[in-house]
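The values are calculated or read from the model by the stated rules, or taken from the named source; none is laboratory data. All figures in this text were calculated on a predicted structure; none of them were measured in a lab. Note: ideal-geometry Cβ built from the backbone for every residue, glycine included; neighbour counts use all protein chains shown. Heads up: the accessible areas ignore ligands, DNA and RNA and are worked out on the full protein's heavy atoms, side chains in. Shrake-Rupley method; radii C 1.70, N 1.55, O 1.52, S 1.80 Å.
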Amino acid sequence: MVLAAHDQRIHLHTYLSGRFFGGVSGASTDVLIPLIAVLSLDADTTQVGILAAVTLVTSLIFRYPAGSWADGRQKQIPLQVRTYIVTALLGVTIPILWITDLLTLPVLLIWVAVYTLIQTLSSALGHGVINDLTTQDERVTAVGKLQSLTASSAVVGQAGGPGLTALFAPPFALLMTSLTSCVAAIQISRVQVFEVGSESRPVDEGEKAPANVASIISSLVKDLDVWLMWAVSCVSAFIVPVTLIFFIDGLDIQPALIGILIATGAVGGIAGGLLTGRAYERLGHAMTSALGCILTSIAAVPLLFVTPGTFWAYLSIVWFELGTALGGTLLVGATFGALQMRTKRTEISRTISTASIGLEIFGLAGIALGAAVASAFPATSIFGAFSCAALSLAVIGFISAIMRRRHQ
């Protein structure tokens with residue numbers, strides 16, 4: 001079906017609204033599953049950790065195969081609708097299993113693996129849909145809006161999920177996530193896109209030519225901006241092992257307020273998503289990435305100099321969460337948006353999936369490195385190293401941007 005540009009924008013907004021409801025469902029489920037394990041199944045910390053590991057491992061293993069499967073599907077909207085329907089049905093099974101005394105930790109582990117697989121498939125299908133609903137010049141802005149909505153849905157889901165347990169037993173709270181998944185399915189089912197190969201939709205030369213994983217990885221590792229994104233992921237994860245301890249013990253922050261302070265980072269993520277398209281248009285990809293790095297680097301600086309327990313300590317944490325979320329969203333949004341712009345439709349899901357796998361691998365490496373040095377160095381030194389590393393990456397990004405502008 002050939003749709004006018006105005007109609008395509010309407011369908012894009014409908015699609016994004018559907019993704020918002022899907023994000024709320026996913027964020028709520030991610031919070032509720034550990035609560036179900038602890039409150040309903042008496043799981044200990046090790047077992048909760050195993051649940052988290054199953055989620056991570058399943059996502060990493062199936063991310064690229066899911067992208068490869070999605071790239072081979074021309075009509076992706078109906079398939080994504082089905083993933084949300086399956087997600088809704090999965091949410092219904094947990095209270096049924098609990099009522100019938102069939103819900104155990106091994107069963108919950110299997111459920112989490114299946115649920116994560118469905119979520120991975122749904123995410124992979126979304127990359128091609130974004131390309132179908134936008135022209136090449138609109139894709140960075142669309143990716144930014146999607147990231148902004150993702151941050152918003154995470155806030156709603158993470159706050160609403162635990163809140164539901166005040167009204168229902170944790171297994172029954174999942175019924176509300178099923179409801180939001182159904183809303184997502186209904187919204188996305190209303191979306192119409194260009195048919196692949198339509199004359200009104202630009203088709204890249206050789207679009208039907210298959211690409212293997214080696215060629216996709218090769219194209220990514222030759223991209224400095226992708227390396228910059230991966231490096232920032234590693235640097236940002238480096239401080240994860242010491243962040244909460246530093247906030248509580250080093251800055252004398254009340255533990256009850258930590259969650260509220262950290263949640264302010266969502267505002268930075270929302271703002272970053274909305275600003276990504278404008279920054280990309282005015283500054284270009286390389287300069288937007290460099291700007292994201294500089295915001296990330298200066299976010300931690302006030303933490304090194306504030307007096308513990310004061311108003312400024314609280315304010316510095318708010319700035320840290322806002323700055324890192326804003327900078328990271330600008331960097332990731334610009335990079336993923338650029339990949340969406342230049343990648344052939346038949347490769348887009350695999351390309352984004354591979355780049356995302358790189359983000360997670362570098363993030364895990366950063367956490368491992370941070371945990372290894374946490375006992376040997378004070379938290380202020382680790383945060384100082386984080387700022388210096390992020391600033392160094394910003395310098396690399398700015399130099400790269402300037403050199404590319406001179407060669408244009």
Query raised in the report: Which distance in Å, rounded to a whole number, links the C-alpha centroids of region 87-128 and region 364-387?
Result: 35 Å
Report task. Pop a pseudo-label 7 angstrom from the Cα along the beta-carbon direction at both residue 9 and residue 213 and give the gap in nm to one decimal. Result -> 4.1 nm
Query raised in the report: Within the chain, what is the longest stretch that has no chymotrypsin sites (Phe, Trp or Tyr not before Pro) placed in a DSSP loop and near at most 13 other beta-carbon atoms within 10 Å?
Result: 1-167
Query - region 229-268: C-alpha gyration tensor shape, a/c 1.5 cut-off, then a/b vs b/c - result: oblate
Report summary line: Distance in nm between residue 74 and residue 310 label points, each 7 Å along Cα→Cβ, equals 6.6 nm
Query raised in the report: Pulled fully out, how much extra length does the chain show between residue 388 and residue 61, if you take 0.36 nm times their separation in residues and subtract their Cα-Cα distance?
Result: 114.4 nm
Report summary line: Expressed in square angstrom to the nearest 10, the accessible area of residue 85 with a 1.4 Å probe stands at 80 Å²
Query raised in the report: Ignoring ligands, DNA and RNA, what percent of the accessible area of region 257-401 is carbon or sulfur (1.4 Å)?
Result: 76 percent
Query raised in the report: For the chain, which longest stretch is free of loop sites, where a loop site is one of the GluC sites (Glu not before Pro) that DSSP puts outside H, G, I, E and B and that has at most 12 other Cβ atoms within 10 Å?
Result: 206-408
Requested in this report: Quick one: grab the alpha carbon gyration tensor of region 287-408, order the square roots of its eigenvalues as a ≥ b ≥ c, and give me rounded if a/c is under 1.5, else prolate or oblate depending on whether a/b is larger than b/c.
Outcome: prolate
**Report entry** Estimated dipole of the chain in Debye, rounded to 20 [Cβ of Lys and Arg +1, of Asp and Glu -1, Cα centre]
**Finding:** 900 debye
Report task. Please give the FRET efficiency for residue 135 paired with residue 168, using the beta carbon to beta carbon distance and R0 = 51 Å, rounded to the nearest 0.05. Result -> 0.70
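Assign one of three labels to the chain, namely rounded, prolate or oblate, based on the Cα gyration tensor with a ≥ b ≥ c the square roots of its eigenvalues; rounded applies when a/c is under 1.5, prolate when it is not and a/b is larger than b/c, and oblate otherwise. Show your work: numbers first, answer last.
Working: a/c = 1.73, a/b = 1.05, b/c = 1.64.
Since a/c reaches 1.5 but b/c is at least a/b, the shape of the chain is classed as oblate.
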Query raised in the report: Once the whole set of protein chains is in place, how much accessible area is left on residue 387, using a 1.4 Å probe, in Å² to the nearest 10?
Result: 10 Å²
Query - Kirkwood Rh in Å, taken over region 339-392 so that all alpha-carbon pairs contribute - result: 13.5 Å
Report summary line: Debye calc, one equal point scatterer per Cα of region 1-138, no solvent, log10 I(q)/I(0) at q = 0.15 1/Å comes to -0.80
Report task. Would you rank 13, 285, 407 by solvent-accessible area, highest first, keeping every protein chain in place and using a 1.4 Å probe? Result -> 407, 13, 285
Requested in this report: With runs of 4+ DSSP H residues as the only contributors, calculate the mean residue ellipticity of the chain at 222 nm using -39,500 (n - 2.57) per run, divided by the residue total and rounded to the nearest 500.
Outcome: -27000 deg cm²/dmol
Report task. From largest accessible area down, sort 182, 234; use a 1.4 Å probe on the protein chains. Result -> 182, 234
Requested in this report: Taking 7 Å along the Cα-to-C-beta vector as the label spot, tell me the residue 301-residue 53 distance in nanometres, rounded to one decimal.
Outcome: 4.1 nm
Report task. Taking H placed 1.01 Å from N in the peptide plane, check which residues at least 5 places from residue 284 or on another chain put their amide H under 5 Å from its amide H. Result -> none
Query - Fully extended contour minus Cα-Cα distance, from residue 244 to residue 179, at 0.36 nm per residue - result: 20.0 nm
Query raised in the report: Ranked from the most accessible area to the least, with a 1.4 Å probe and all protein chains present, what is the order of 278, 9, 73?
Result: 278, 9, 73
Report summary line: Rounded to the nearest 10 Å², the accessible area of residue 341 using a 1.4 Å probe with every protein chain kept is 40 Å²
Query raised in the report: residue 404 label point, 7 Å along Cα→Cβ, cut-off 14 Å on backbone N: hits in region 335-351?
Result: 335-343
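Using a 1.4 angstrom probe, figure out how much accessible area region 1-157 has per residue, in square angstrom, rounded to the nearest whole.
Values: 6770 Å² over 157 residues.
Here the per-residue accessible area is 43 Å².
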**Report entry** Cut-off under 5 Å, modelled amide H: who pairs with residue 43 long-range
**Finding:** 38
